[in-house]
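Novice: Got a structure for you, written out below as structure tokens; questions coming shortly.
The values are calculated or read from the model by the stated rules, or taken from the named source; none is laboratory data. All values derive from a computational prediction rather than experimental measurement. All Cβ positions, even for glycine, are placed from backbone atoms using ideal geometry, and neighbour counts span all protein chains on display. With ligands, DNA and RNA removed, areas are computed over all heavy atoms of the protein, side chains included. Shrake-Rupley method; radii C 1.70, N 1.55, O 1.52, S 1.80 Å.
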Amino acid sequence: DAGVTQSPTHLIKTRGQQVTLRCSPKSGHDTVSWYQQALGQGPQFIFQYYEEEERQRGNFPDRFSGHQFPNYSSELNVNALLLGDSALYLCASSPTRDRGYEQYFGPGTRLTVT
Amino acid sequence: GDSVTQMEGPVTLSEEAFLTINCTYTATGYPSLFWYVQYPGEGLQLLLKATKADDKGSNKGFEATYRKETTSFHLEKGSVQVSDSAVYFCALSDWGNQAGTALIFGKGTTLSVSS
């Protein structure tokens, strides 16, 4: 049973560019969440997708957008990259029927903005 | 808004020592509480969870009890091993008040165990 997978593993971009990160959820999971983890900090919630709609959003600017596909996979897009966007981006999936809402995390994509 | 506060590290212990990492929370609804662990170079893994007051989560010798009266969820282990060296995150999901189930994390506590 494959867990949560993310691609790419590492990415280097220049300020002002746009980036797309991808995530495939764990089998049987239909809810996908994205988090940003700056170095030495805890993950910060960006947004969550369910049934191809954004269900909840954290305190991130509109430069951060996402999408969920019918097979439950998801993309995170960041426009007009800033140096401060350099971080580890984590994708997590969960089964909505789980009352405890345990989320399973992928290994992350390390984004470096120069 | 909801928040999690955990003790700052690093925490440095000798093997077989007792471990406590404090975690307190603020929430307006009915949160579920979690401890996640991040080993060097790896992603986040769920260590244990508790979904209602007085529940005790346990796994791999670690325990934490959901204390609503003190809004706390302290992580404990009776005898740590070198392999427990990692960053530990306390988190909550206040699912009762939200359309979604976002996790809110503390800043993390680095544990270093020496032999």
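Novice: Given the conditions (1) over 29 Å from A:Y50 (Cα atoms); (2) away from chain A (no Cβ under 13 Å), and given that B:T26 satisfies all but one, which numbered condition is not satisfied?
Specialist: (1)
Novice: May I pose another question? Is it the case that the stretch A:16-25 has a residue that's basic (K, R) and more than 11 Å from chain B (Cβ to nearest Cβ)? I'd like the intermediate steps shown before the answer.
Specialist: To start, the set of residues in the stretch A:16-25 that are basic (K, R) comprises A:22.
Filter once more, keeping what is more than 11 Å from chain B (Cβ to nearest Cβ): A:22.
Yes, the stretch A:16-25 contains a residue that is basic (K, R) and more than 11 Å from chain B (Cβ to nearest Cβ).
Novice: Also: Output the residues belonging to the stretch A:95-104 that are within 13 Å of the chain's Cα centre (by Cα) and either modelled with pLDDT of 95 or more or more than 7 Å from every other protein chain (Cβ to nearest Cβ) (or both).
Specialist: Taking the stretch A:95-104 first, the residues within 13 Å of the chain's Cα centre (by Cα) are A:103-104.
Matches in the stretch A:95-104: A:Y104 only.
Novice: Name the residues in the stretch A:1-44 that are part of a strand (DSSP E or B), of a type in the set (S, T, N, Q) and in contact (Cβ under 8 Å) with a residue 24 or more places away in the chain, would you?
Specialist: If we filter the stretch A:1-44 for residues that are part of a strand (DSSP E or B), which is where we start, we get A:5-7, A:10-13, A:19-24, A:31-37, A:44.
Right, trim to of a type in the set (S, T, N, Q) and you get A:5-7, A:20, A:24, A:31, A:33, A:36-37, A:44.
Residues satisfying the conditions are A:T5, A:Q6, A:S7, A:T20, A:S24, A:T31, A:S33, A:Q36, A:Q37.
Novice: Please find, within the stretch A:32-47, the residue that is most open to solvent (accessible area, probe 1.4 Å) out of those that are more than 7 Å from every other protein chain (Cβ to nearest Cβ) and of a type in the set (A, V, I, L, M, F, W, C).
Specialist: Taking the stretch A:32-47 and keeping what is more than 7 Å from every other protein chain (Cβ to nearest Cβ), we get A:32, A:34-40, A:44, A:46-47.
Right, trim to of a type in the set (A, V, I, L, M, F, W, C) and you get A:32, A:34, A:38-39, A:46-47.
On the way: A:V32: 0, A:W34: 0, A:A38: 40, A:L39: 151, A:I46: 0, A:F47: 0 Å².
So, considering only residues that are more than 7 Å from every other protein chain (Cβ to nearest Cβ) and of a type in the set (A, V, I, L, M, F, W, C), the one most open to solvent (accessible area, probe 1.4 Å) is A:L39.
Novice: Moving on. Mind listing just one residue for me: the one in the stretch B:29-47 that is free of Cβ contacts under 8 Å to residues at least 24 places away in the same chain and farther than 11 Å from B:A86 by Cβ and, of those, least open to solvent (accessible area, probe 1.4 Å)? Before the answer, list the steps.
Specialist: Step one: of the stretch B:29-47, the residues free of Cβ contacts under 8 Å to residues at least 24 places away in the same chain are B:41-43, B:45-46.
This time we only want the ones that are farther than 11 Å from B:A86 by Cβ, so: B:43, B:46.
Numbers: B:G43: 15, B:L46: 47 Å².
Across the stretch B:29-47, the extreme among qualifying residues is B:G43.
Novice: Same structure, new question: I'd like to check something: does the stretch B:60-81 contain any residue that is over 19 Å from B:K107 (Cβ atoms), among the charged types (D, E, K, R), within 13 Å of chain A (Cβ to nearest Cβ) and open to solvent by less than 70 Å² (accessible area, probe 1.4 Å)?
Specialist: No, because not a single residue in the stretch B:60-81 is over 19 Å from B:K107 (Cβ atoms), among the charged types (D, E, K, R), within 13 Å of chain A (Cβ to nearest Cβ) and open to solvent by less than 70 Å² (accessible area, probe 1.4 Å).
Novice: Now for a separate question. Pairs please, first residue from the stretch A:64-79 and at positive phi, second anywhere and of a type in the set (V, I, T) and in a strand (DSSP E or B), Cβ atoms under 7 Å, 6+ apart in sequence or on different chains.
Specialist: A:Y72/A:V32
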